[in-house]
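Working notes, structure below.
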Amino acid sequence: ELGRIGEAATTAQEAFDVLARLRPEPSRLTTWLQIGLALDQGRLEQARTLFATLPPGGADTRTVTPKAQSRNLFAARINLAASDYANAITLATAAIEQSRASRQAPYLRLEIADAQLVEALARLRSGDAAGAQALLGGVLATRAELYLPQHAKIAEAQLALVECALALGQRAEAAGLIAQAAAIEQRHSSLSPRYREPLLRLRQRLQQRD
């Protein structure tokens, strides 16, 4: 959650080793954690291989279960990483609809925001900056409400909004959001490239246009 992916991967592997001794067959939760770590470390093929081991199903938006929601969200993240934006949007939208239709919907706001972020990034990268910006406004509002002010996921949403603002020519808004995201990231001694790289890249883009 805080972006310290190397530390998370080491700790997770220790837990996986213990679980493997207790239960030879990996649990679905273990596989989801491994997929998430692979994606955060940029290992797309490993994420795909792990995803293929999950039981089929979950694409039907009428099937409202946490398993279906998680499966669609991870599939959307994999498609986003693979630059398959159309399928990423479809799967992220399915995850959002499933979460909202669930009786647990009031407790799934962060999961909905995560899926909206994936959908927004896919829309942005396929040329729909305005549509992405509209989604990201909600993502940022939810994360700002439910996370502590210094949480890296707030900065992640702010930087996605910076990219939208730059695409739409809103330079003043982009500069303000970059400053807010930088202030958050400076409070963390160690963050993964997932968080650091966008800040550096977008700062350079903004400076190049000055």
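The values are calculated or read from the model by the stated rules, or taken from the named source; none is laboratory data. If you're wondering where the values come from, they're calculated on a predicted model, not measured in any experiment. We place every Cβ from the backbone using ideal geometry, glycine too, and count neighbours over all the protein chains shown. Ligands, DNA and RNA are stripped out before the accessible areas are found, and what is left, the full protein with its side chains, is counted by its heavy atoms. Shrake-Rupley method; radii C 1.70, N 1.55, O 1.52, S 1.80 Å.
Structural remarks
- Filtered residues of the stretch 187-210 (kept if among the hydrophobic types (A, V, I, L, M, F, W, C) and assigned to a loop (DSSP other than H, G, I, E, B)): L191
- Looking across the stretch 41-57, the residues that are under 16 Å from S70 (Cα atoms) and either in contact with a Ser or Thr (Cβ under 6 Å, 6 or more places away or on another chain) or assigned to a loop (DSSP other than H, G, I, E, B) (or both) come down to L50, T53, L54, P55, P56, G57.
- Remark: L29 falls outside the filter, which requires a residue to be within 27 Å of Y195 (Cβ to Cβ), modelled with pLDDT under 80 and assigned to a loop (DSSP other than H, G, I, E, B).
- Hits in the stretch 163-181 (condition: open to solvent by less than 60 Å² (accessible area, probe 1.4 Å) and either in contact with a Lys or Arg (Cβ under 8 Å, 6 or more places away or on another chain) or β-branched (V, I, T) (or both)): A165, L166, I178
- Verdict on L168 being of a type outside the set (F, W, Y), more than 19 Å from A95 (Cβ to Cβ) and without any contact (Cβ under 8 Å) to a residue 24 or more places away in the chain: no
- Verdict on R201 being open to solvent by 60 Å² or more (accessible area, probe 1.4 Å) and within 25 Å of D84 (Cβ to Cβ): yes
- Single unsatisfied condition, A130 versus (1) over 18 Å from C164 (Cβ atoms); (2) more than 15 Å from the chain's Cα centre (by Cα); (3) open to solvent by 40 Å² or more (accessible area, probe 1.4 Å): (1)
A quick yes/no check of all residues on (1) of a type in the set (A, V, I, L, M, F, W, C); (2) more than 20 Å from L37 (Cα to Cα):
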{"site": "I78", "(1), (2)": "yes, no"}
{"site": "A82", "(1), (2)": "yes, no"}
{"site": "A86", "(1), (2)": "yes, yes"}
{"site": "Q98", "(1), (2)": "no, yes"}
{"site": "D114", "(1), (2)": "no, no"}
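- Pair list, Cβ under 7 Å, 6 or more apart: the stretch 141-162 residue closer than 17 Å to A179 by Cα and open to solvent by less than 30 Å² (accessible area, probe 1.4 Å), other residue small (G, A, S) and in a loop (DSSP other than H, G, I, E, B): A152/G3
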